[in-house]
1. With the crude spin-label approximation of a point 7 Å out along Cα→Cβ, what separation in nm comes out for Ser488 versus Asn45?
2. Between Lys277 and Lys317, 0.36 nm times their residue separation minus their Cα-Cα distance comes to what?
3. Please give the contour-minus-distance gain from Arg310 to Glu354: 0.36 nm per residue of separation, less the Cα-Cα distance, rounded to one decimal in nm.
4. Search the structure for amide H atoms under 5 Å from the amide H of Ser244, placed 1.01 Å from N in the peptide plane, and list their residues when 5 or more places away or on another chain.
5. Quote the accessible area belonging to Leu407 in square angstrom, nearest 10, computed with a 1.4 Å probe and with ligands, DNA and RNA left uncounted.
6. Per residue, how large is the accessible surface of the stretch 54-328? Use a 1.4 angstrom probe and give square angstrom.
7. So who's got an amide H within less than 5 Å of the one on Asn167, skipping anything under 5 residues away but keeping other chains? H placed 1.01 Å off N, in plane.
8. Tell me, what ³J(HN,Hα) does each residue in the stretch 194-211 have, in order and in whole Hz, if you take phi through Karplus 6.51 cos²θ - 1.76 cosθ + 1.60 with θ = phi - 60° and put x for Gly and Pro?
Amino acid sequence: MPQELRGPPSPDPKLSSNDKEVRGSFKKGKKGGKKEKEGKKPRKNRENGDNSDLRVAFVADWGLGKNPAKVMNLVDDWGAELVVSAGDFDYVDSPDAFMDMMDTEVGKDFPFIGSVGNHDILEWYGRGGYRDRLLEKLGRIKDISCYGEYGANMVFVMSGVGSLGQNHAQFIDLSMQNYKSVPWKVCFWHKNQKAYQTGDKENETGYEVYETCRKHGAIIATAHEHSYERTHLMSHFESQSIASTNNTLNIKPGETFAFVSGLGGESMRKWVKKANKNPWWASTVSKDNKGEYGALLCKFNKGGDPNLARCKFKDVKGKKWDDFWVHSDPDGVSETYAVFDRKPDVELVEVGVEGVEGIVSVDRVHGGVTCGGSVLGLSNSSVSSYIHALRYQIPATVFDPVKGDVLRSARLQVMGAHSGRGFLGLVETRIALGVRLLDSDWKCRCVVDGYSTEQGAFRIDMSDNFVEWSYEDEGWEAGEVWNSPDISAIVSAGMDSLGRVALLMDGSSSLDSEVRSVYGVHGRWGFASVPH
């Protein structure tokens, strides 16, 4: 059995949990044992120390079937020595199905690493989960060592920002500090900020992770939106400051670029509200310009130059959509570094529900009360009517109004659970969020008693101060994450001096659908279970 990833101790053990992120770097080694097929470019024998023209492919949002199979064969035929995937593997919560497809199409030794996407959350943890299967595959890749070794010239830092875990920017920062002189650094995670994708995604990661990677001169690879887009060289992401529009991107501490490579095969989307016209985009591919599924294919250490790379986005039909060069100067400093090398104005803080006692669900039709349930039912007039209380506590270490911290925005993330029907599609679903400040000694049993006598009061609270969003704002899809509109006014009004707040969620649906709190209690499988 492969061992879990280990490396030098982190200055803060909370930031080095393998449940959250994994990091690795490239080293010399033997090529994989997969039998070569006709037309496939042979992988170089790296035993002699030759790291020139190192082939790395970036692609995510796969799915199952012929389209992802074509993309896998595209990168395999190209001779990829590493495939970096920023999550969303099969969309049906089946690690076995995805890995079996990969093994069938390109062999068990296909050099593949991946981070968690929102469609991978339910089966991320546990034996046989995505994390387990990815670690198993990592153990078979002869060209990867975790934390690297002397002479390594590529470092990858994976993050679950916006999907799982916490302290992502701090983890990235600590990881990169160990490899300041390494020419090629890559941060990759699944989700995006709204400005750095061309579809309908909202702000889901915060800018701190973007700016942390930029500070270290690291390339930023994302997915989530099913399209391809790449920025020009950026000197600041939050303010959309462009350093250069040259087709050779000179990355260094303080200046880098980001891209979305989400055309792995699940689907292809259109541009929304002319987002493709934003001036920071160097290249965009979507359904609107008749794009095809494909991958970003990069040759690092081009021609033996350890600081030079060439990248192309190529589709399964052979068309080249993007072609650019990258030069890395890890010891250089950009002219704008001193201006922008500071803590971003907006910091993302991810807070999970407080234990099993932090989730209470009441069926107002039948009178049943459930504590600690991970599945939150939506109301259906012919079946049931639910209201849920979700308790959170924001640590003073990350948000302290006494020290002048200001809550600029807040959003609740919930995820559509799978049902017997598979994808729920466009369900007529609406969710309203209100607030109720609960006593300091709030326990599950106390809330049960409280609900039995104060249901009317809760409803009044919600009618006085609530936010509603619906399927008209976001298509309801099993395994997809909904981000509520800004609820900072609700959270601020209900938060006590210790940073505690309880959100009330009241939802309705045309089907007997369900939602899960994305940042629920992270147990063995990543979610709370009803206590036995």
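1. 6.1
2. Numbers: separation 40, 0.36 × 40 = 14.40 nm, distance 2.57 nm.
Length gained, Lys277 through Lys317: 11.8 nm.
3. Values: separation 44, 0.36 × 44 = 15.84 nm, distance 4.70 nm.
Additional length available on full extension: 11.1 nm.
4. Leu233
5. 50
6. Details: 8420 Å² over 275 residues.
Computed with neighbouring chains in place, this is 31 Å² per residue.
7. Placed amide hydrogens put Glu350 under 5 Å from Asn167.
8. 3, 5, 10, 7, 10, x, 10, 5, 9, 6, 10, 10, x, 8, 4, 5, 4, 5
The values are calculated or read from the model by the stated rules, or taken from the named source; none is laboratory data. As the structure is a prediction and not an experimental result, all values here were calculated from the model. Ideal geometry is used to build each Cβ from the backbone, glycine not excepted, and the neighbour counts take in all protein chains shown. The area values use the complete protein model at the heavy-atom level, side chains included, leaving out ligands, DNA and RNA. Shrake-Rupley method; radii C 1.70, N 1.55, O 1.52, S 1.80 Å.
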